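For reference, the structure discussed in these notes is given below.
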Amino acid sequence: MARRVPSPAIFHKMMAMENSELYQQLRQIWQMLNEPLFRIKEAEISVASVLISILLLVGAVFGSRLISRIVVNQLSRRSVDSGVRDSIAKFVRYALVVMGVLFALDNMGISISSLAAVGAVLMVGIGFGLQNVTQNFIAGIILLIERPIKLGDIIQVGDTSGKVIDIRVRSSIIRTRDEVTIIVPNSKFIAEEVTNESLASGRIRQHIRVGVAYGSDVALVKQVLIEAALQHPEVVQDPLPNALLKDFGESALVFDLRFWCRNIWRIETITSDIRTTIEARFRENKILVPYPRIDVSLVKAEQFSQHERRGRELDQ
């Protein structure tokens with residue numbers, strides 16, 4: 001017996017019924033999601049509005065990261081200063097996130113004016129409980145605008161010294177030469193004294209003090225010190241290193257070797273290499289580095305007892 005095949009008209013009707021049923025189900029689900037859960041004044045908060053707002057926030061965060069990277073790449077191609085480039089990228093990122101928050105609130109029907117009362121309460125809380133957070137936030141904005149420090153700078157604030165690897169709104173990240181990462185609140189950069197070794201230029205002058213024995217050839221010592229500095233590949237040739245007879249010490253002639261270096265991050269290693277070269281050149285040229293000398297006078301026991309007796313008589 002042959003199987004009966006439905007006609008095209010019946011087939012289209014069946015598909016239309018199925019589509020209409022699916023449409024009705026989706027419509028019912030959407031209506032359920034749009035049913036208000038609670039109200040904030042005139043705003044009705046539903047599951048759908050919350051989900052859409054979350055998607056807007058997530059899209060704003062990821063979109064801000066992507067756009068900030070594009071901004072950094074475009075500014076890098078135009079040879080813009082790294083500090084200006086990073087500041088602009090951060091402002092763009094924060095602005096997009098704020099816009100995402102505003103769109104999310106607007107999607108839920110919450111206007112900025114309706115948050116005025118809540119904002120007043122938050123300001124009171126900020127004034128008392130969140131004072132440090134607010135202070136660090138404002139300090140972070142000042143750092144991004146004025147740029148007293150920027151990424152890659154070698155700084156010292158308080159007892160912390162290292163390289164700036166990130167400047168955030170609330171805090172900055174500093175990495176020491178021991179590869180230790182330190183989180184420093186931004187308010188410390190505004191309230192305390194900060195030493196920025198990279199702000200004026202990309203080089204720094206370093207001093208090495210060394211003492212030689214009295215009677216040494218001063219001209220030869222200066223020549224050896226300058227040549228030891230010039231041998232290092234990371235010492236700047238212009239201006240040239242200089243050696244000065246700094247002081248007449250108790251047991252040595254004190255010299256001060258001064259040289260300029262561009263690699264501020266490796267300054268400790270560079271000075272160590274130069275000291276090693278100086279020690280080797282001193283041995284080659286028979287230049288002695290004296291030990292601290294102390295003159296000691298020995299007194300016999302009989303003389304000491306006589307002096308002690310006379311001291312007691314004078315005291316009486």
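Just to be sure I understand, how many residues within the stretch 159-176 are part of a loop (DSSP other than H, G, I, E, B) and out of contact with any helix residue (DSSP H, G or I) (no Cβ under 7 Å at 6 or more places or on another chain)? Quick ask: steps written out before the conclusion?
Just the residues of the stretch 159-176 that are part of a loop (DSSP other than H, G, I, E, B), to begin with: 159, 168-170, 176.
Adding the requirement that they be out of contact with any helix residue (DSSP H, G or I) (no Cβ under 7 Å at 6 or more places or on another chain) leaves 159, 176.
Going through the stretch 159-176 one residue at a time, the tally reaches 2.
Can you tell me which residue in the stretch 45-54 is nearest to Arg93 (Cα to Cα), limited to those that are without any contact (Cβ under 8 Å) to a residue 60 or more places away in the chain and surrounded by 13 or more Cβ atoms within 10 Å (Cβ to Cβ)?
First, pick out the residues of the stretch 45-54 that are without any contact (Cβ under 8 Å) to a residue 60 or more places away in the chain: 46-48, 50-54.
Going one step further and asking which of them are surrounded by 13 or more Cβ atoms within 10 Å (Cβ to Cβ), we end up with 46-48, 50, 52-53.
Working: Ser46: 29, Val47: 28, Ala48: 27, Val50: 23, Ile52: 21, Ser53: 19 Å.
Once the filter is applied, the top-ranked residue is Ser53.
Name the single residue, out of those in the stretch 254-282 being among the basic types (Lys, Arg) and more than 26 Å from the chain's Cα centre (by Cα), that is farthest from Arg203 (Cα to Cα).
Going residue by residue through the stretch 254-282, those that are among the basic types (Lys, Arg) are 258, 262, 266, 275, 281.
Now narrow it down to the ones that are more than 26 Å from the chain's Cα centre (by Cα): 258, 275, 281.
On the way: Arg258: 13, Arg275: 20, Arg281: 26 Å.
My answer is Arg281.
Quick check on the stretch 196-212. Is at least one of its residues assigned to a strand (DSSP E or B), in contact with a Pro (Cβ under 6 Å, 6 or more places away or on another chain), surrounded by 17 or more Cβ atoms within 10 Å (Cβ to Cβ) and not assigned by TED's automatic domain parsing to the domain that holds Val98?
Applying the first criterion (assigned to a strand (DSSP E or B)) to the stretch 196-212 yields 196, 204-212.
Then keep just the ones that are in contact with a Pro (Cβ under 6 Å, 6 or more places away or on another chain); that gives none.
No: zero hits.
Would you mention how many residues in the stretch 255-287 are more than 11 Å from Ile208 (Cβ to Cβ) and of a type in the set (Gly, Ala, Ser)?
Total satisfying the criteria: 1.
When you go through Ile154, Ile142, Ile112 one by one, which is the residue that is modelled with pLDDT of 80 or more and outside the structural domain of Pro185 (by TED's automatic domain parsing)? Full working, then the answer.
Details: Ile154 fails: outside the structural domain of Pro185 (by TED's automatic domain parsing); Ile112 fails: modelled with pLDDT of 80 or more.
Criteria check complete, one pass: Ile142.
Right, Ala228: touching a Leu at 6+ places or on another chain (Cβ under 6 Å), under 19 Å from Thr276 (Cα atoms) and at pLDDT 90 or above or not? Please lay out each step first, then the result.
Working: touching a Leu at 6+ places or on another chain (Cβ under 6 Å): no; under 19 Å from Thr276 (Cα atoms): yes; at pLDDT 90 or above: yes.
No: the conditions fail for Ala228.
Considering only the stretch 242-261, state which residues are in a loop (DSSP other than H, G, I, E, B) and either surrounded by 15 or more Cβ atoms within 10 Å (Cβ to Cβ) or modelled with pLDDT of 95 or more (or both).
Kept after step one, since they are in a loop (DSSP other than H, G, I, E, B), are these residues of the stretch 242-261: 249-252.
Residue satisfying the conditions is Ala252 alone.
Only one of (1) under 30 Å from Phe255 (Cβ atoms); (2) in contact (Cβ under 8 Å) with a residue 60 or more places away in the chain; (3) not assigned by TED's automatic domain parsing to the domain that holds Ser272 is not met by Lys163, so which one is it?
Evaluating Lys163 over (1) under 30 Å from Phe255 (Cβ atoms); (2) in contact (Cβ under 8 Å) with a residue 60 or more places away in the chain; (3) not assigned by TED's automatic domain parsing to the domain that holds Ser272 leaves (1) as the failure.
The values are calculated or read from the model by the stated rules, or taken from the named source; none is laboratory data. Bear in mind the structure is a predicted one, so any value in this text is a computation, not a measurement. Counting neighbours? That spans all protein chains shown, and the Cβs are built from the backbone with ideal geometry, glycine included.
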